[in-house]
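See structure below.
The values are calculated or read from the model by the stated rules, or taken from the named source; none is laboratory data. These numbers come from a predicted model, not from an experiment. Cβ sites come from the backbone with ideal geometry, for glycine too, and all protein chains shown count toward neighbours.
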């Protein structure tokens, strides 16, 4: 049973999510202020964090920035519908996915399962993949560039692994969304683009150069 921390100051919504997520075989815990979340993450072992952006005490984006300095726990952001800038900023800061409010609670459950499937260890998968200066350990979900470990979110690791499975082949955004994020690509959804941008920055900062290429009209490819 996956342990989930939901941080939202909407008490009515939290009561609804408590009932639904428990029925869906999750173990939900709830907090309603932002200034207490970091210490809770440090002291307890959660499988995933659901974080609203608008919170008393400290905003969800501030919390996201702080958590990502020391913890790679999967994070799903709850954003106001139409606030594209918040969604993009959340992804740039290291969120794994987002869900705009108002939402169907069952959609939240589906997104959580998709994220948890992505970070689950697949013991039957080929463990090591190495192309040039980049190597992946799939079972432990570790990525290395020139021998130094990269600090990647679950979404970033999944996208990198998907691209490296077919080096030199353009992979469409639709395919990346399905294989790496475990959900269909939606209209005006820039999640894949932002995750790829983050990946490129981390690879470049490590001296990896241009390892992920854009192929006009076709998607992205890992340089073979």
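Among the residues of the range 55-88, the one identified as surrounded by 16 or more Cβ atoms within 10 Å (Cβ to Cβ), over 20 Å from residue 115 (Cβ atoms) and in contact with a strand residue (DSSP E or B) (Cβ under 7 Å, 6 or more places away or on another chain) is 55. Here 161, 155, 143 are screened, and the one residue that is touching a residue at least 40 places away in the same chain (Cβ under 8 Å) and outside the structural domain of residue 9 (by TED's automatic domain parsing) is 155. For the range 21-48, filtered to residues that are assigned to a helix (DSSP H, G or I) and touching a strand residue (DSSP E or B) at 6+ places or on another chain (Cβ under 9 Å), the residue that is nearest to residue 102 (Cα to Cα) is 21. Among the residues of the range 206-221, those that are on the phi < 0 side of the Ramachandran plot and in contact with a strand residue (DSSP E or B) (Cβ under 9 Å, 6 or more places away or on another chain) comprise 206, 208, 211, 212, 213, 214, 215, 218, 220, 221.
Is it the case that some residue within the range 99-117 is crowded, with 17+ Cβ neighbours inside 10 Å, assigned to a strand (DSSP E or B), assigned by TED's automatic domain parsing to the domain that holds residue 16 and modelled with pLDDT of 90 or more? Yes, there is a match, as at least one residue in the range 99-117 is crowded, with 17+ Cβ neighbours inside 10 Å, assigned to a strand (DSSP E or B), assigned by TED's automatic domain parsing to the domain that holds residue 16 and modelled with pLDDT of 90 or more. Kindly indicate whether any position in the range 49-72 is under 12 Å from the mean Cα position of the chain (by Cα), in contact (Cβ under 8 Å) with a residue 24 or more places away in the chain, within 30 Å of residue 224 (Cβ to Cβ) and outside any helix (DSSP H, G or I). So far as the range 49-72 goes, yes, one or more of its residues are under 12 Å from the mean Cα position of the chain (by Cα), in contact (Cβ under 8 Å) with a residue 24 or more places away in the chain, within 30 Å of residue 224 (Cβ to Cβ) and outside any helix (DSSP H, G or I). If only residues of the range 162-188 that are surrounded by fewer than 21 Cβ atoms within 10 Å (Cβ to Cβ) and under 14 Å from the mean Cα position of the chain (by Cα) are counted, the one that is nearest to residue 118 (Cα to Cα) is 182.
Kindly indicate whether any position in the range 20-30 is at positive phi and free of Cβ contacts under 8 Å to residues at least 40 places away in the same chain. Scanning the range 20-30, I find at least one residue that is at positive phi and free of Cβ contacts under 8 Å to residues at least 40 places away in the same chain, so the answer is yes.
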